[in-house]
Amino acid sequence: MESARSPKQNPRVLVVEDEPDIAALIAYQLTREGFRVETAATGPEGLKAVNREIPDLVVLDRMLPGLSGDEVLRQLKSEQTTRSIPVLVLTAKREQEDRISGFELGADDYLTKPFSPRELVLRCQAILRRISEPAVASGGRVLRAGPIRMDLGAHQVTVDGAELNLTPTEFRLLQALMERRGRTQSRRQLLEKAWDVEADISDRIQTRTVDMHVRRLRAKLEDLGDWIDTVRGFGYRLVVPGEDS
Ligand code: CA
């Protein structure tokens with residue numbers, strides 16, 4: 001669907017990267033693809049830039065002097081005004097665990113260095129497409145499960161009318177579960193739907209990533225958290241009491 005490709009004409013991307021060559025390469029490539037790019041060389045500069053003008057996307061290097069990328073991410077995710085900004089984390093190849101940590105902190109995607117600039121552009125476009133898709137493609141579609149109401153157009157979830165504060169990833173995870181309620185989906189399937197990544201990462205990391213987010217989603221759903229049923233050795237499904245499953 002062509003109209004769903006870009007949410008805005010020239011999305012604004014903030015690149016937080018301390019290596020000037022890499023920052024310049026990323027900025028060049030993204031600018032060429034129509035993004036408006038701002039760069040920051042340190043964590044504090046990055047946070048300042050975000051607070052000056054909320055970007056559509058942040059590309060965040062994990063290894064930064066002073067304030068680490070993790071800490072920047074943590075701060076972004078802890079503030080009401082910045083927590084829904086999607087973040088693509090750049091990690092070093094040798095540290096597989098980085099990926100997990102990024103996801104645990106609420107990164108929307110990660111890219112391992114060294115990466116091709118083209119890959120980076122595709123990932124950025126995919127993240128922005130995912131965010132714009134529900135509004136464009138669903139035309140205000142609403143999913144319901146008991147008292148849970150998910151408005152795909154408004155990107156809002158309520159339980160008995162009270163708004164649930166979900167991160168973009170948690171939202172997509174819940175959406176995947178609600179769209180196929182009663183049916184079991186593997187962690188790999190959920191990962192592909194909620195994160196839009198090709199499942200090229202190890203089973204162990206898939207498991208930890210999905211389990212972590214399910215745990216958070218359950219906690220936010222409080223009493224209804226039990227509706228997310230663990231299917232041992234396979235994955236998860238949403239079971240609404242009283243419905244056939
Ligand atoms: Ca760095």
- request: Over region 139-238, give the accessible area per residue in Å² for a 1.4 Å probe, as an integer.
  value: 47 Å²
- line: Charge tally for neighbours of Ala40 with beta carbon under 11 Å away, counting Lys, Arg as +1 and Asp, Glu as -1, is -3
field: Calculated on alpha-carbon atoms, Rg and Dmax of region 139-238 in Å
entry: 13.0, 39
Using θ = phi - 60° and Karplus 6.51 cos²θ - 1.76 cosθ + 1.60, couplings along region 217-223 (whole Hz; Gly, Pro as x): 5, 4, 4, 5, 7, 6, 4
- prompt: Using a 1.4 Å probe, what is the accessible area per residue for region 12-135, in Å²?
  reply: 43 Å²
- prompt: Semi-axes, largest first, in whole Å: what does sqrt of 5 times each Cα gyration tensor eigenvalue give for region 12-135?
  reply: 18, 17, 15
- line: Largest-first ranking of Glu170, Glu53, Glu71 by accessible area, probe 1.4 Å, whole protein assembly kept, is Glu53, Glu71, Glu170
- prompt: In region 139-238, what percent of the accessible surface is made up of carbon and sulfur (1.4 Å probe, ligands and nucleic acids excluded)?
  reply: 42 percent
- prompt: Val15's amide H: which non-local residues (gap 5+, or another chain) put their own amide H closer than 5 Å, with H modeled 1.01 Å from N in plane and none for Pro or chain starts?
  reply: Glu38, Thr39, Ala40, Val59
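The values are calculated or read from the model by the stated rules, or taken from the named source; none is laboratory data. From a predicted model like this one, the values you see are computed outputs, not experimental measurements. Cβ: placed from backbone, ideal geometry, glycine included. Neighbour counts: every protein chain shown. Each accessible area value is taken on the protein alone, full model and side chains, heavy atoms only, with ligands, DNA and RNA left out. Shrake-Rupley method; radii C 1.70, N 1.55, O 1.52, S 1.80 Å.
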